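The values are calculated or read from the model by the stated rules, or taken from the named source; none is laboratory data. This is a predicted model, so every value here is computed, not measured. For neighbour counting, all protein chains shown are included, and Cβ atoms are generated from backbone atoms with ideal geometry for every residue, glycine included. Side chains included, ligands, DNA and RNA excluded: accessible areas come from the protein's heavy atoms. Shrake-Rupley method; radii C 1.70, N 1.55, O 1.52, S 1.80 Å.
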Amino acid sequence: MIRHLIDLFDLSPEDARDILDHALALKREDQRGNRPPYLAGRSLGLIFEKPSLRTRVSFEAAIGQLGGNAIFLRGQDVGIGVRESIADFARVLSQYVDVLAMRTFSHATIEELARYATIPIVNALSDRAHPCQALADLMTIQELRGGLDGIKLVFVGDGNNVARSLAQASALLGLEFVLASPPGFAFPPEFRARFEETFPGVPLVVEHDPIRAVSGADVVYTDVWTSMGQEHEAEDRRKAFEPFQVDTALLDRAGPDAILLHCLPARRGEEVTSAVLDGPRSAVILQAANRLHLQKALLLWLVLGSWPDVLTPNASARLHSRD
Ligand code: CP
Ligand code: NVA
């Protein structure tokens, strides 16, 4: 069976836990100077229809550190669905590379790609989901807080791709998730329906008052008000989201120990102030760094379908206990 990562709706809690634990183990090994070439000779294809810094570079570095290589193509270079059908594209590319990550405007493109591909497909961001980001973010929370159970994660802003993947990741791993957004910018009904069907009994909480929402939060998270592809709505969005800026006053409502996360890139002075982003509660650079370790675990899970023995969390703990 081929594994894909299109949307966190498709991941089991056990798989999510496993990927996180192994990402943390890979990070520890890396810090000890160990970069075993678990994916020697394997190739990762990267097709990006939108700009990227973190996702592209962390994937390229991840496959390189695992002994494999990356082949990067811009969307317009290959004309997926334009120069040739998605089905032909998927069938042909499956002959050349072992795993393919795609960043696209339409989530449906990735779903169709996965239908025809004979290799694992990764969603490197679509209009609906950013699963690699959300898994890396929970890894960061786990690293900073020592666990995830009972953590309250409040996303202040648009019910966008990042917010949706974080809501799913939270449901998978036992966090309390709250979205604070202006009316009209929360989750669309089809997302809510799929969430309720996948995670019965898990509340999908939406607040319209950011101050009330962040009360008791362990983590306050924000993202741009206007995502890539929505630039024509930027002016209207700026007005609607103005009361939702994460500034020092709002973060103070969450408490002195609250962590500030942002997937980046940030629009300083819009969704977040520089004082907060560069302040002592901000963990955004560690958060960006963890994208690399999470991508490594994800690539192992997708391509090998099993974990190298040395990386099983217990084996890793044993390795460390000898230090
Ligand atoms: N957070 C994130 O996905 O960043 P990039 O758009 O730079 O990849
Ligand atoms: N919501 C943002 C995330 C960028 C990493 C976007 O889709 O543009």
Q: Starting from region 29-43, take each residue that is touching a residue at least 60 places away in the same chain (Cβ under 8 Å) and list its partners that are of a type in the set (D, E, K, R), counting only C-beta distances under 8 angstrom and pairs at least six apart or across chains.
A: Glu29/Arg35; Pro36/Glu29; Leu39/Asp98; Arg42/Asp98
(Q) Condition first: assigned to a loop (DSSP other than H, G, I, E, B) and surrounded by fewer than 20 Cβ atoms within 10 Å (Cβ to Cβ). Now tell me which residues in region 98-112 satisfy that. (A) Asp98, Phe105, Ser106
Q) Inside region 224-265, can you point out the residues that are under 30 Å from Gln142 (Cα atoms) and near ligand 2 (Cβ under 10 Å from one of its atoms)? A) Val224, Trp225, Thr226, Ser227, Met228, His262, Cys263, Leu264, Pro265
Q: Six or more apart or on different chains, Cβ under 6 Å: which pairs go from a residue in region 291-309 that's of a type in the set (S, T, N, Q) to one that's within 16 Å of ligand 1 (Cβ to nearest atom) and modelled with pLDDT of 95 or more? Could you list them?
A: Gln295/Ser58; Gln295/Phe59; Gln295/Ala62
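Hey, among Val214, Val224, which residue is within 24 Å of Arg268 (Cβ to Cβ), within 16 Å of ligand 1 (Cβ to nearest atom) and either more than 20 Å from the chain's Cα centre (by Cα) or surrounded by 13 or more Cβ atoms within 10 Å (Cβ to Cβ) (or both)?
After applying the criteria, what remains is Val224.
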(Q) With of a type outside the set (Asp, Glu), touching a Gly at 6+ places or on another chain (Cβ under 8 Å) and either surrounded by fewer than 24 Cβ atoms within 10 Å (Cβ to Cβ) or without any contact (Cβ under 8 Å) to a residue 60 or more places away in the chain (or both) as the only criterion, which of Leu179, Leu204, Leu144, Leu166 stands out? (A) Leu179
Q. Taking into account only those residues within region 250-279 that are in a helix (DSSP H, G or I) and of a type outside the set (Val, Ile, Thr), which is nearest to the chain's Cα centre (by Cα)?
A. Leu277
(Q) Step by step: first the residues of region 62-97, then only those that are free of Cβ contacts under 8 Å to residues at least 40 places away in the same chain, within 16 Å of ligand 1 (Cβ to nearest atom) and among the small types (Gly, Ala, Ser), then the one that is least open to solvent (accessible area, probe 1.4 Å). Which residue is that? (A) Gly75
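I want to confirm something. Restricting to region 113-137 and keeping residues that are part of a helix (DSSP H, G or I) and surrounded by fewer than 19 Cβ atoms within 10 Å (Cβ to Cβ), which single residue is farthest from ligand 2 (Cβ to nearest atom)? Explain how you work it out, then say what you get.
Within region 113-137, the subset part of a helix (DSSP H, G or I) is 113-116, 131-137.
With the extra rule that they be surrounded by fewer than 19 Cβ atoms within 10 Å (Cβ to Cβ), the set shrinks to 115-116.
On the way: Arg115: 23, Tyr116: 25 Å.
Ranking the qualifying residues of region 113-137, first place goes to Tyr116.
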Q | Considering residues of region 30-61 that are open to solvent by 50 Å² or more (accessible area, probe 1.4 Å) and among the aliphatic types (A, V, I, L, M) only, the residue farthest from ligand 2 (Cβ to nearest atom) | A | Ala40
Q: Scan region 245-276 residue by residue and report those that are acidic (Asp, Glu) and at pLDDT below 95.
A: Asp257
Q) What pairs can you find where one residue is in region 105-132 and without any contact (Cβ under 8 Å) to a residue 40 or more places away in the chain, the other is part of a loop (DSSP other than H, G, I, E, B) and open to solvent by less than 10 Å² (accessible area, probe 1.4 Å), and their Cβ atoms are less than 8 Å apart, with a gap of 6+ or different chains? A) Ser106/Ser126; Thr109/Ser126; Ser126/Thr104
Q.
Among the numbered criteria (1) small (Gly, Ala, Ser); (2) open to solvent by 40 Å² or more (accessible area, probe 1.4 Å); (3) at pLDDT 95 or above, which one does Ala317 miss?
A. (3)
Q) Going through region 245-301 one residue at a time, which ones are among the polar types (S, T, N, Q) and away from ligand 1 (no atom under 16 Å from the Cβ)? A) Gln245, Thr248, Thr273, Ser274
**Q.** Which listed residue is within 30 Å of His262 (Cα to Cα) and more than 16 Å from ligand 2 (Cβ to nearest atom), from Ile71, Ile80
**A.** Ile71
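Among the residues of region 277-284, is there at least one that is within 16 Å of ligand 2 (Cβ to nearest atom), modelled with pLDDT of 95 or more and open to solvent by 40 Å² or more (accessible area, probe 1.4 Å)?
no
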